[in-house]
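The values are calculated or read from the model by the stated rules, or taken from the named source; none is laboratory data. Note that the structure is predicted; figures quoted are calculated from it, not measured. Every residue, glycine as well, gets a Cβ built from its backbone with ideal geometry; the counts of neighbours run over all protein chains shown. For the accessible areas, the whole protein counts, side chains as well, though only heavy atoms, and no ligand, DNA or RNA atoms are used. Shrake-Rupley method; radii C 1.70, N 1.55, O 1.52, S 1.80 Å.
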Amino acid sequence: MALRALVRRSRTELLPALSAVSYLHSHATSFGFKEVSEEEKSKMVGNVFTNVAANYDLMNDLMSGGLHRLWKDRLVEELNPFPGMKHLDVAGGTGHLSCSGAAIIVNCGLGDVAFRVLESINKMKRRGLHDEYENNLQNGTEIYVCDINPNMLNVGKKRAMERGLEGEKSLIWVEGDAEALKFEDNSMDGYTIAFGIRNVTHIEKALAEAYRQMLRIQGFHCFPCIRVLRRGGRFLCLELSHVEAPIFKQLYDYYSFSIIPYVGELVVGDRDSYQYLVESIRRFPSQDVFASMIAEAGFQKVEYENLVGGVVAIHSGLKI
């Protein structure tokens, strides 16, 4: 009930937005408020996460007052994992989301999402049917944690060991790029990305990897290119977003630009990485524009849910 009070859901009847198209180039060439080349951006973002990997969880707790844990719980609740699921958690190096099913978790940091997905499936197994069919489904569960940064993956693997999951065959760690995933077409039931899509160079390429139906060759011919999600597969993105209420926005801006970089310097000795964090949030598209980008990638039933007045948003789409 307490969490529900923090939530406002918005549904959108979406057409491709011109603002989404015009946004793409500016995002690809910006590092926070700085203008850089696309090659420089990839390297600079990589350096940020190499610097913060060891203290990623601690800083998330300090910056959000622990609320990031509730946000990730909500994301996995929306995913609705099931035994035998194949799930991809992109940008999920620390494993926070990977806890159940077969999923891809991308750029999510230290595995929080993956751990939650796996935990959700294991709870279903404990309270559910224990017949041969159910056991076969459980054995078929695969949760892929994919991150481009090996340091984040290493922290995630360490956290998995601390949780007693080092021998968990359903949990698979993969070093990979959200813009060029190394998974078979039509292979995943779910795709989550938590606090990661804001850091990719080309948002449209990351969305296309989750769901790209047609690829045009030489401007004339098309052939089917299904990519990683199956028909009926769910795309879910948890990301820091834009606050709407004027007074709350003023307080949030003060906290973001004055407090967060200071805490980063005090706790981690790295002010610049957290200055990039708050600047990159302001450069990320609004909830409506990002929803239009998801729809433009081909997803249906696109919607988003604001948490804490828009501090974060959960966007979702279905591949039909």
Would you pick out the residues in the range 159-185 that are open to solvent by 40 Å² or more (accessible area, probe 1.4 Å), assigned to a loop (DSSP other than H, G, I, E, B) and either among the hydroxyl-bearing types (Ser, Thr, Tyr) or in contact with a Gly (Cβ under 9 Å, 6 or more places away or on another chain) (or both)? Arg163, Lys182
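Which of the helices (runs of 4 or more DSSP H) found entirely inside the range 242-320 contain at least 3 residues meeting this: touching a Gly at 6+ places or on another chain (Cβ under 9 Å)?
Numbers: elements: 246-254, 260-267, 271-283, 287-296.
Output list reads 246-254, 271-283, 287-296.
Residue under question is Gly269, and the condition is that it be modelled with pLDDT under 95, open to solvent by 30 Å² or more (accessible area, probe 1.4 Å) and either hydroxyl-bearing (Ser, Thr, Tyr) or under 18 Å from Asp61 (Cα atoms) (or both); does it hold?
Numbers: modelled with pLDDT under 95: yes; open to solvent by 30 Å² or more (accessible area, probe 1.4 Å): yes; either hydroxyl-bearing (Ser, Thr, Tyr) or under 18 Å from Asp61 (Cα atoms) (or both): yes.
It is true that Gly269 is modelled with pLDDT under 95, open to solvent by 30 Å² or more (accessible area, probe 1.4 Å) and either hydroxyl-bearing (Ser, Thr, Tyr) or under 18 Å from Asp61 (Cα atoms) (or both).
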Take Asp73 and tell me if it is within 18 Å of the chain's Cα centre (by Cα) and open to solvent by less than 20 Å² (accessible area, probe 1.4 Å). no
When you scan the range 226-233, do you find a residue that is touching a Ser or Thr at 6+ places or on another chain (Cβ under 7 Å), closer than 30 Å to Glu142 by Cβ, at pLDDT below 95 and surrounded by 22 or more Cβ atoms within 10 Å (Cβ to Cβ), even just one? yes
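Just to be sure, is Ser26 in a helix (DSSP H, G or I), among the polar types (S, T, N, Q) and at pLDDT 80 or above? Break it down into steps so the answer makes sense when it comes.
Values: in a helix (DSSP H, G or I): yes; among the polar types (S, T, N, Q): yes; at pLDDT 80 or above: no.
Here the answer is no, as Ser26 does not meet what is asked.
Condition (residue is loosely packed, with under 14 Cβ neighbours inside 10 Å and under 25 Å from Met44 (Cα atoms)) applied to the range 256-263: is it met by at least one residue? Walk me through how you get there before you give the answer.
Kept after step one, since they are loosely packed, with under 14 Cβ neighbours inside 10 Å, are these residues of the range 256-263: 258, 262.
Adding the requirement that they be under 25 Å from Met44 (Cα atoms) leaves 258, 262.
Yes, because at least one residue in the range 256-263 is loosely packed, with under 14 Cβ neighbours inside 10 Å and under 25 Å from Met44 (Cα atoms).
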